[in-house]
Amino acid sequence: MTVRLGGRAFVLDPRAAYGTVRGEIESMSRALQAWLCLLLVLMALGAVGAIFTIAPGTEVFGTTPSFEWGILISAYVLFAITTSGLCLGASLGTVFGIELFRPLEKRHAILAVLTLTTAFGIIALDLHYPVRMVFGAVFNPSLASPMWWMGAFYAGYLVFLIVEVWSMFTGHDRIHQWACTAAAGMAIIAPTTLGAVFGVLFARSYWFGPFTPVTMLVTAQLAGSALLGIVFFLVVRFQRTGFERGRRLAIPAIRILLAVGLVASTVLLGRQLVDGLTTADEAFYDATMVLISGPYAVPFWIRVIAGLAVPLVLIALPVTRTTLGTGVAACLAFGGVVMDRLLFVNVGQVVPGSTVGGVVSDPYVPYTPSLVEISIVIGAFALVAFVYTLVERYADLREADAHLGFHLPEFIASVRARITAGRTVGDADGAHEGNVGIGS
Amino acid sequence: MRQLRSWLPTRLTAIKVAVFVAIASIVLGGTAFAAATLYAQYGAVKNVPNAEAWAALEPRYVGQAACGSCHEPEVAAQDASAHIDVSCESCHGPGAGHSLSDEAAREVSLTEPESEICSTCHATTAGRPATYPQVEVDEHYEGGECLRCHDPHSIVAVRPPDITHPRAKLPDCITCHAPDGLKEIPSGHEPVADRVCLSCHGRVAEPVR
Amino acid sequence: MSERTPLDQRAPGPMESPEPASPALGSEIGLEAGERPPGFLDGRVSRRTVLQAGVVAVPCLAGAGLVFTALDRFVNGDPAGAEPVAARYDASGHRWGFVVDTDSCVGCGMCVVACKAENGVPEDPEYSRTWVERHITTADGTVRVDSPEGGIDGFEPGDPPTMVDGSPVVDARFVPRLCMQCENSPCTAVCPVGATYRTPDGVILIDEERCIGCGYCVVACPYGARYIVPAAEDTPRGVPGVADKCTFCYHRITAGLPPACVEACPVGARRYGDLDDPTSPVSVVMAEQPTTVLKEELGTKPRVHYVGLEAEVVS
C-alpha cells in the first residue's frame, strides 16, 4: 500500500517505512536536517516537562495561590489568539473576496489548526484534570462562565477549521466557502470571549473591564498577521511553493494587515495607559506603574519600542517597504505580542488584590516560572515549527487559481434576486463564474 | 384473522427486526449507560450527593461537653474562671479518638501543653486589645514558666506558702539565699532576684515565739 | 397535532414527504425543480408499513427504556436506599452567617491550628482555609499588613509600636480571614464545569470529583480564600489538584456543632450561627454592634461580617 504526498510516494510497510524515512532524511539538506534535529530535541524537552505534569497536584509549576496563572496560561492565550488572527487575516480573501488576501489561504489554515491544537495541548497540561473538563463541560455546562463559552467557541472553531482544511485540499469549494465563513465568525467570537475570561474578574483590576476583550481581539489580529508575515518572508526567502505570488501579493497584504494591527494595538495601549494613570482604582494604578516604571518596565518598554514602534516605522518608511523589511517587522511584531501576552497575564496578578492564605505579598507577588513550565512552552513552539516544516515540505501548498468566494456585492445581489423571485436558487453559482481568481 | 396476519411481518422480516432490535438495544443501552454514568458523575444533580459527602466527614474537635463527661474537676474549675470561653481542645488539641473509650484514650493521648501556650495568648503583643490581660513574660516571671504558679484550669496563681522566717529584721532574701551564698535557695529554685521571691511567696512573717 | 383526524386526511407529516424535495436541494444535486428525486421513504407510506414499524418500534423502545432504567438504578443507586444527611439536617432551613470581632481577637492563631487539624489542610501557610492578619494603621491612612506563617504560631511578642515610618500608629488589630461564602459569589459564576456550587443554606462547596483544577476560581476570588490542593500527605478530601477553601466546617454545622475555628477561639472573636434565628450568637452580635463586610464595593454580599473594622481599606 502506498500513500502519495506532495508528489512523493510512500510505501506503508514496516520494513519499507524505515527505508523510506531514511531515504527522506538523506534527501534533506544539511541545514534542514539540523533544523529538524534541533526542533526534535526541543520537543523532547517539552515532552519531558509534560510528563512531570501528569500527576495532579504535584507542585511542578512556579505558581502559587497568590499567582495561580503562570506562563502556561500566557502561552495558551498566545496560541489561542494567534490561531484566530491567522483565520481572520485569510478570511478576507475567501469570505469577503478581497483579491489581495487570496494567496494567504492554505498556509494560514494549516498554521491555524496547528496553533489551535497546540493551545489545547498546553491548556490540557496546565489543567490538573483535563478529561473531567470535557465531560463536565458537556454534562454540566456552566453558562455563566466565560471560560465555558470560550471552550465552546474554540471547540466549534476547531471543527470549522478542520472542515476548512479538508475541503481546501480536496477541492470541495462550496463546503469550503461555508467552513471559511463559519470559521471566520468563530475567529472573532472566540478570542473576544477569551478576553472576557479575564475581563469579568473584578478581583483583578488590571484585567477587569470592557476593553480587555477588545484588546484581545486586536492582539489576535496582530499575532496572526505577524506569524503569517514571518512564514511568507521565509517562503519568499527560500523560494518555496508559490513564492512568486507570495512576493507579489502576500507580502503587501501582510503589510496592510500588520499596519492595521499595530496601529489598533497602539491606540488601545495608549487608552489603557491613560486610564491606568488617571484611575481612582488603586490596584489598577499600581499595575500600570508596575509596567511603566516598576519591575516589568524593561520588558514593557522593549515591547512598546521593538514590538510596536519599530515595526510600524519599518512598514511606513518607503525604504524598508521590502520583503526583508516586512519580514523583520513581522518578527518584531510577533515578539512584541509574545511579550505583551506574558505581561498581560503576569501584571494582572503581580499587584496583590488580597492576601492569599495568609501570604502577604509586599509590594509585589513573586513568580518565577519553573523549568517544567519553560520546557513545555519551548516544546510547544518547537512542535508548531516542526509540523509546519514537514507541511511545507510534503503538503501541496499550491493555491488554486480560482477560488469560489463570497464576492460580497454579487452575493448580496443574488440574495436580493432570490427574495424578489420568491424562490430559492442554488447559491448564486452563476455569479461566481465570472469571479476568476488572480495570478494564473 | 387473515387480514391481521397480513399485517404482521413475515418470518424473514421478523429475523431482521429481531437483529435490529438487539443491536439497537445494545447501542441505546450502551449510550444510556454511558450517559447515565457520566451525568451521575458530572451533572448538576451531583451537587446534593457531594454536599452530603462534605457533611459526612467526621468532626475531630469534639467539644467541651465531651471532655467534661470524664474530666469533670478540670472543666468545672475552668468554668468558674475567666477561661470559661476557652475550649479544652484549644490547648490540648482535637479530642477525636481520645474520648471514644479508655482503650482508645490510651492510644490517642492529647497534647500536654507547656507554659509557652500561655504566652501565645497573654504575652504583650502589638495588635492585642488594650483591655486584654497581657504580660511582659520575662518581666513577670523570668524563664516564663507560667504553670509553676498558675493552675492552667482555674488560672488563679496558686500562691506558694508564706514563709515563716526565724529572723525578724531581714535584708533582701538574696543576701543570704544565693548561689555560693550563706544559705541555699530552698526547694531547687533557680537563682532569682529578691523581689521575685516576694511576688510569689507571702511576706515574711514574724518568727513564731 | 392536537385534534384527531382520520389518517388519510391529516396533513402530511415529516415522515411522509409528499412534496418534492425543496428546489434548493434539488438543484444542489443537479435536478430541475419539480423533478422528484428518488430516495428513502419516498412517496406515501402504506398503512401496513406504519403498523409494522409500530410493532417493531414499541418493544424496541420499551426494551431500551427498561435497560436505561435498570442501568440508571445500577449507576445512581436505589433512591430509596440511600440514607442522606438530610434525615438529620434540613439545608433549606438555615441561613448561616459568621461574625469576626476584631475588637477582641488576640491573634493567638488557635483558629488556624484548629482549622488545619480539623480539615486536613496542608501545613504550608500558603494553603490556608483561614488565617490571621495584623493590620497596623498609621495617621497617614496607610495600613500595614503582616501575617507570619498565616498566624498559625501567633505573633511575635513586643510592645505596640507608636510610630511606623514617621507616622503615628492610630490603630493596631488582628483581622482573621476566611471564605466569605458570598451570596453573589464570583467563584461559582466563573467555574466552567459547575464544580463549585452553593448549598441551600448558603455555604459554597467544591466537588472534588468534578473540579478540573483550572484555577479560575482562585484568581476570581477577591478575598484570596482559595487554593489548589497540593499533592500532600494530608489533604481535605484526599484529592490533589482541585480547588479548596473554607466550608464553614460543613460536616460540623450540619451536625449541630460550631466550626472548628469557632470552637477553638479562646476569646469568642469568631461567632457563628443562623442569620434567620434572632437568638443565634451571630444575630445577637449583629443586633448590638455595627458590622461591616470586606470589599463591600464589589457587591459580593459576604456572609462573614466584621466588628471593629470601620471601613478600613483591607488589602
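The values are calculated or read from the model by the stated rules, or taken from the named source; none is laboratory data. These numbers come from a predicted model, not from an experiment. Reconstructed Cβ throughout: ideal geometry from the backbone, glycine too, with neighbour counts over all protein chains shown. When the accessible area is computed, the model is the full protein with side chains, heavy atoms only, and any ligands, DNA or RNA have been set aside. Shrake-Rupley method; radii C 1.70, N 1.55, O 1.52, S 1.80 Å.
For a quick check of your reading: which helices (runs of 4 or more DSSP H) sit entirely within the stretch B:30-127 and have at least 1 residues that are at pLDDT 85 or above, under 25 Å from C:GLY107 (Cα atoms) and within 7 Å of another protein chain (Cβ to nearest Cβ)?
Ranges flagged: B:88-92, B:116-122.
Would you mind stating whether B:THR131 is within 30 Å of C:SER147 (Cα to Cα), surrounded by fewer than 16 Cβ atoms within 10 Å (Cβ to Cβ) and at pLDDT 70 or above?
yes
Kindly indicate whether any position in the stretch C:178-185 is in the same structural domain as C:ARG270 (by TED's automatic domain parsing), surrounded by fewer than 24 Cβ atoms within 10 Å (Cβ to Cβ) and either in contact with a helix residue (DSSP H, G or I) (Cβ under 6 Å, 6 or more places away or on another chain) or more than 23 Å from A:ALA203 (Cβ to Cβ) (or both).
no
Residues C:ARG95, C:ARG129, C:ARG134: which one is over 16 Å from C:ARG226 (Cα atoms), among the basic types (Lys, Arg), in contact (Cβ under 8 Å) with a residue 40 or more places away in the chain and out of contact with any Leu (no Cβ under 6 Å at 6 or more places or on another chain)?
Checking each option against the conditions leaves just C:ARG134.
Please determine, by comparing only the residues of the stretch A:273-293 that are closer than 21 Å to A:ALA203 by Cα and not in a helix (DSSP H, G or I), which one is least open to solvent (accessible area, probe 1.4 Å).
Among residues in the stretch A:273-293 that are closer than 21 Å to A:ALA203 by Cα and not in a helix (DSSP H, G or I), the one least open to solvent (accessible area, probe 1.4 Å) is A:THR279.
Answer yes if at least one residue in the stretch A:90-97 is within 13 Å of chain C (Cβ to nearest Cβ), at positive phi, more than 10 Å from the chain's Cα centre (by Cα) and surrounded by fewer than 24 Cβ atoms within 10 Å (Cβ to Cβ), and no otherwise.
Within the stretch A:90-97, not a single residue is within 13 Å of chain C (Cβ to nearest Cβ), at positive phi, more than 10 Å from the chain's Cα centre (by Cα) and surrounded by fewer than 24 Cβ atoms within 10 Å (Cβ to Cβ).
Restricting to the stretch A:47-77, name every residue that is away from every other protein chain (no Cβ under 14 Å) and either open to solvent by 10 Å² or more (accessible area, probe 1.4 Å) or touching a Leu at 6+ places or on another chain (Cβ under 6 Å) (or both).
A:ALA47, A:VAL48, A:ALA50, A:ILE51
Please work out if C:PRO258 is over 16 Å from C:SER128 (Cα atoms), free of Cβ contacts under 8 Å to residues at least 24 places away in the same chain and not in a strand (DSSP E or B).
The answer is yes for C:PRO258.
Looking at the stretch C:195-254, which of its residues are of a type in the set (Gly, Ala, Ser) and either open to solvent by 10 Å² or more (accessible area, probe 1.4 Å) or more than 12 Å from chain A (Cβ to nearest Cβ) (or both)?
Passing the criteria: C:GLY202, C:ALA231, C:ALA232, C:GLY238.
Hey, among the residues in the stretch C:268-305 that are in a strand (DSSP E or B), open to solvent by less than 60 Å² (accessible area, probe 1.4 Å) and in contact with an Asp or Glu (Cβ under 8 Å, 6 or more places away or on another chain), which one's modelled with the highest pLDDT?
By that ranking, first place goes to C:ARG270.
Among the residues of the stretch C:121-134 satisfying the criterion of being part of a loop (DSSP other than H, G, I, E, B) and open to solvent by 10 Å² or more (accessible area, probe 1.4 Å), which is farthest from the other protein chains (Cβ to nearest Cβ)?
The qualifying residue farthest from the other protein chains (Cβ to nearest Cβ) is C:GLU123.
Does the stretch C:167-187 contain any residue that is in contact with an Asp or Glu (Cβ under 7 Å, 6 or more places away or on another chain) and not in a strand (DSSP E or B)?
Among the residues of the stretch C:167-187, not one is in contact with an Asp or Glu (Cβ under 7 Å, 6 or more places away or on another chain) and not in a strand (DSSP E or B), which makes the answer no.
Which condition number does A:LEU332 fail, the rest of (1) farther than 15 Å from A:LEU269 by Cβ; (2) surrounded by fewer than 18 Cβ atoms within 10 Å (Cβ to Cβ) being met?
(2)
If you scan the stretch B:142-156, which residues turn out to be open to solvent by less than 50 Å² (accessible area, probe 1.4 Å), more than 14 Å from chain C (Cβ to nearest Cβ) and modelled with pLDDT under 75?
Within the stretch B:142-156, none qualify.
Please verify whether C:VAL106 is away from chain A (no Cβ under 14 Å) and either open to solvent by less than 10 Å² (accessible area, probe 1.4 Å) or among the basic types (Lys, Arg) (or both), treating the condition exactly as stated.
Criteria met by C:VAL106.
With the requirement that a residue be part of a helix (DSSP H, G or I), hydrophobic (A, V, I, L, M, F, W, C) and open to solvent by less than 30 Å² (accessible area, probe 1.4 Å), what does the stretch A:343-384 give you?
Scanning the stretch A:343-384 gives A:LEU343, A:PHE344, A:VAL345, A:VAL347, A:VAL350, A:VAL372, A:ILE376, A:VAL377, A:ALA380, A:ALA382, A:VAL384.
Out of the residues in the stretch C:263-275 that are touching a Cys at 6+ places or on another chain (Cβ under 8 Å) and hydrophobic (A, V, I, L, M, F, W, C), which is nearest to the other protein chains (Cβ to nearest Cβ)?
Among residues in the stretch C:263-275 that are touching a Cys at 6+ places or on another chain (Cβ under 8 Å) and hydrophobic (A, V, I, L, M, F, W, C), the one nearest to the other protein chains (Cβ to nearest Cβ) is C:ALA264.
Report, by residue number, each residue of the stretch B:46-68 that is exposed (fewer than 13 other Cβ atoms within 10 Å of the Cβ) and either over 17 Å from the mean Cα position of the chain (by Cα) or touching a residue at least 12 places away in the same chain (Cβ under 8 Å) (or both).
B:GLU58
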